[in-house]
Structures are given as structure tokens and as C-alpha cells.
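Only one structure is covered here, and it is reproduced in the block below.
The values are calculated or read from the model by the stated rules, or taken from the named source; none is laboratory data. These numbers come from a predicted model, not from an experiment. So basically every Cβ, Gly included, is an ideal-geometry build from the backbone, and we count neighbours across all protein chains shown. Surface accessibility is based on the protein's heavy atoms, side chains included, excluding ligands, DNA and RNA. Shrake-Rupley method; radii C 1.70, N 1.55, O 1.52, S 1.80 Å.
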Amino acid sequence: MNAQTSYKYFDGNNNTFIINDSVVKYVPVKAKESSSGVYSGGKAKQVKINKEKFQRLEKLFAEAFEKESEKQIIREMMSGALNEYYTNKLKKEAILKPKSEIKKKIEAELSAILSH
């Protein structure tokens, strides 16, 4: 098996997005797991992606890792979290500020991919 880079992104509600070069998998928070006990992230979904979409996401992820002004140390409500894995080993992680521009861009791109 080839070495492969993959990512996990956790949005402000802690819904999980698992991303590799061929698929984006959405794993929603269940109501009982949410901080309010009421919020549900909806239905799980998996969408195949092409190389172009994966590269667009990777470009956003690289920007998120680079921009110190967009990051914070502690994960709080509405912040995002991004993890990069190489052959299933954690290589990088970043916590994105709740109002971070790159967080908004990542979430908009993931939403667009999942809506098709």
C-alpha cells in the first residue's frame, strides 16, 4: 500500500470530515453527543472527489497550517480543528479560531463538495 496523506477536519459543531484523495466522508454529531444535547449534524454522507478537488482542499489546509494569525492553542466552542495524517500517523494539527477566514473557506468548500 502506498503512503498516503489524509485529513480530518472538525467544524465548529464538532461534525467530522474525513478527507483523502478520492473521498470526503461526513460524520455528523448526534444530538446526545452535542454540547447542547439537542444539536444534530444531520445525516452521514460520503462523496467521491477527483484530484482537482482534493488539491483545492489541500491548498486550503496548507494555508490553515501556515497562518498563525488564524490559529489558537485551545479548542473552544465554534473553533475548527484540522489534522493531517501521513500513512495514518498524525503529522500536523491546528485549531482554527471561531471567526477565522480560512475556517470559513474550508467549511464552504467542504459544504459545496458534499452538496453535489
Any chance Ser40 is open to solvent by less than 60 Å² (accessible area, probe 1.4 Å) and either within 24 Å of Ser115 (Cα to Cα) or among the β-branched types (Val, Ile, Thr) (or both): no
Long-range neighbours under 7 Å by Cβ, at least six apart or interchain, first residue small (Gly, Ala, Ser) within the range 26-54, second part of a helix (DSSP H, G or I) and open to solvent by less than 50 Å² (accessible area, probe 1.4 Å): Gly37/Ala31; Ser40/Ala31
Within the range 26-34, is there a residue that is closer than 22 Å to Asn13 by Cβ, in a helix (DSSP H, G or I) and at pLDDT 95 or above? no
Does Arg56 meet the test of being part of a loop (DSSP other than H, G, I, E, B), of a type outside the set (A, V, I, L, M, F, W, C), within 17 Å of Lys8 (Cα to Cα) and open to solvent by 50 Å² or more (accessible area, probe 1.4 Å)? no
For the range 10-37, what are the residues that are touching a Gly at 6+ places or on another chain (Cβ under 7 Å) and open to solvent by less than 40 Å² (accessible area, probe 1.4 Å)? Asp11, Gly12, Asn15, Pro28, Val29, Ala31
Output the qualifying pairs, or none if there are none: Cβ atoms under 9 angstrom, residues six or more apart or on different chains, first residue in the range 98-116 and of a type in the set (S, T, N, Q), second residue open to solvent by 70 Å² or more (accessible area, probe 1.4 Å) and not in a helix (DSSP H, G or I). Ser100/Lys67
Here are some residues: Lys25, Lys8, Lys53. Which one is farther than 21 Å from Pro98 by Cα, among the basic types (Lys, Arg) and in contact with a strand residue (DSSP E or B) (Cβ under 6 Å, 6 or more places away or on another chain)? Lys25
In the range 70-83, what residues are crowded, with 19+ Cβ neighbours inside 10 Å and farther than 14 Å from Asn13 by Cβ? Glu70, Lys71, Leu82
